[in-house]
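Working notes, structure below.
Rule-based calculations on the coordinates, nothing more; no lab input. Just so we're clear, the structure is a prediction, and the values are computed from it rather than from any experiment. With ideal geometry, Cβ positions are generated from the backbone for all residues, glycine too; neighbour counts draw on all protein chains shown.
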Amino acid sequence: MSTAGVWMLASVGVLLIATGLPAWIVLIGVALAFSAAGIGLGAFSLPLFTATPGRLIGLLESDLLQALPLYVFMGALLNRLPLAQILFRVGSRAFAGTGAGGPLAGLGLGVLLAPMNGSVGASVATLSRVVQPRLDEQGLSTERGAALVCMASTLGVVIPPSLVLILLGDAMMRAHTEALNITRQSVRIINTQDVFVGALMPAGVLLLLGIALTWWLAARDLRGKERAPASPSTRDWIVASLTVAFIVVLLGGVTLGYLYAVEAAATGGVVLFVFGLATRSLTRDVLLGVLRDTMAITGALFALLVAATVFTLVLRAYGTDRWIATVLAELHWGEYPTLLLVLLVLALCALVLDAFEMIFVIVPVVIPPLLTLVHNVTWVAVLTLLILQASFLVPPFGYAVLMVRNSLRRRPATGPLSRALLPYLIAQLAVLALVLAEPSLVWQRNPIELAPSGVAPKSEEEGREMLQQQLDQQLQQTPPDSEQSTPPSTGTHPQ
């Protein structure tokens, strides 16, 4: 019966593809069906599910989740206000001398807005509306422009402090705690700030490769065809300069631990709202659309979170998590082969699930057993991010690829789009291989090492008490400087 959770995951993947229903409906349906079967077969009893309300209440009390609707609100404002158009217009003019002004401006827009948009889908919506039509006007092929939008829209997966990194950091904290409950080691538990800092170097390398590829490919394709962009007004230059400075300071402050993620998201939302009022672009109809989008997307994400919590409860009731841990331990493959196996599983799942579904459903199942064998938790977190981003770019089923194809008026053919995506995918896999081969590229804010005593607690009860003390100390500290621990808004108690 312990393998029932694997069949649950397989059922979810099949139903998502076959029915097209929202993920939260599929997760709830599969969880209810397998829970009824488990009770009928005597695998567990009905009172087990009395833990569900407590798990949900504890989950929804997390300070971290306050950032979720705020990020969605920022993404909705960015999608409906003319700020993205101004940034693209100014960027195209600024990079006009390179021969690839439009494509480089589009990539830069993705760098600035993807972490604030909160999700790949929101980034695709913004970039498809702002960037793609203007690239078509400049003579860039639809497939090349679509590939650029795909690449730019996934940058929020690895560039901190996006919502994906925040939620993954919290999930890794919970997974690390579960792993320590098994191994009973005395180490500092990872937090979201560790994931932010660890992702900086790989994200920087990937961004440099993306800029070089975009410049080379676009300059070759547009040679003699690129039209001179319209000259932005002085007001556009001022707005663009202030916006870039504000975004860099805001995102940099959160990444380095000087600002709380929730407060930074709220600040960004207020500034965008004031910008809309000051420029009179935030009309009543636009505001209603922003609020409608925010409520719809936030509701869908919370529904997914609740459904994933119920789903993982049933999966754990079958003991699938313990079965996975046992299988990995009995393979005796060592650290690297086991890590590669889990990364392969994550890559396959990411072809069907989006980033949030991966974080809520897959990571809590497969990562805790892995962390009992691989102790560099920040490295594992960054590799997970890179795997997610690479999977989103794999045609024809990659999440970003499907979103871009559905958002364009003229859908690009699969073959030409795949060839246009290939250079970016190779660059992505090269960074992944580089991080796999050289873990030191993942910066350690505070190395997670064994405590000075180096001795594991003598009993399971002592292990739980020690972990609880570490969590309490970690969550009570505030960051007067960058060397302090993570703000409370970027980490929560594991449930």
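Computed quantities for the displayed model
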quantity	calculated
Whole-number percent relative contact order across the chain, with pairs defined as alpha carbons under 8 Å at least 6 apart	28 percent
Extended-chain gain in nm, criterion 0.36 nm per residue less alpha-carbon gap, ALA437 and ARG235	67.9 nm
Burial ranking of peptide ranges 286-299, 128-141 (average Cβ count within 10 Å, highest at the top)	128-141, 286-299
Helix 261-278 vs. the chain, principal-axis angle (Cα, 0 to 90°, nearest 10)	30 degrees
Ordering of 29-42, 352-365 by burial proxy (mean other Cβ atoms within 10 Å per residue, highest first)	352-365, 29-42
Proxy reagent accessibility, fewest Cβ within 10 Å first, across CYS150, CYS349	CYS349, CYS150
Difference of contour (0.36 nm per residue) and Cα-Cα distance, TRP333 to ARG284	11.6 nm
Relative packing of peptides 204-210, 173-179, 233-239 - highest average C-beta neighbours within 10 Å first	173-179, 204-210, 233-239
Lys/Arg +1, Asp/Glu -1 at C-beta; the chain dipole; positive extreme among THR3, GLY108, ALA36	GLY108
Positive-end residue of GLY121, ALA23, GLN132, charge dipole of the chain with Cβ unit charges	GLN132
Spacing of the two label points (7 Å from each Cα toward its C-beta) at ILE25 and THR52, in nm	1.8 nm
MRE, 222 nm, helices only [DSSP H, n ≥ 4, -39500 (n - 2.57), over the chain, to nearest 500]	-23000 deg cm²/dmol
Total formal charge among the other residues, if their Cβ is under 15 angstrom from that of LEU168, Lys/Arg +1 and Asp/Glu -1	-3
Charge dipole of the chain about the Cα centre (unit charges at C-beta), most positive-ward option of TRP443, VAL382, SER231	SER231
Principal-axis tilt of helix 460-476 within the chain, Cα atoms, nearest 10 degrees	30 degrees
Among [x] -0.27, -0.37; [y] -0.37, -0.49; [z] -0.40, -0.54, the entry derived from the coordinates for log10 I(q)/I(0) by the Debye sum over Cα atoms at q = 0.06, 0.07 Å⁻¹	[x]
Degrees separating the helix 23-41 axis from the principal Cα axis of the chain, which is the longest one	10 degrees
Likely footprinting exposure, VAL345, VAL274, fewest C-beta neighbours within 10 Å first	VAL274, VAL345
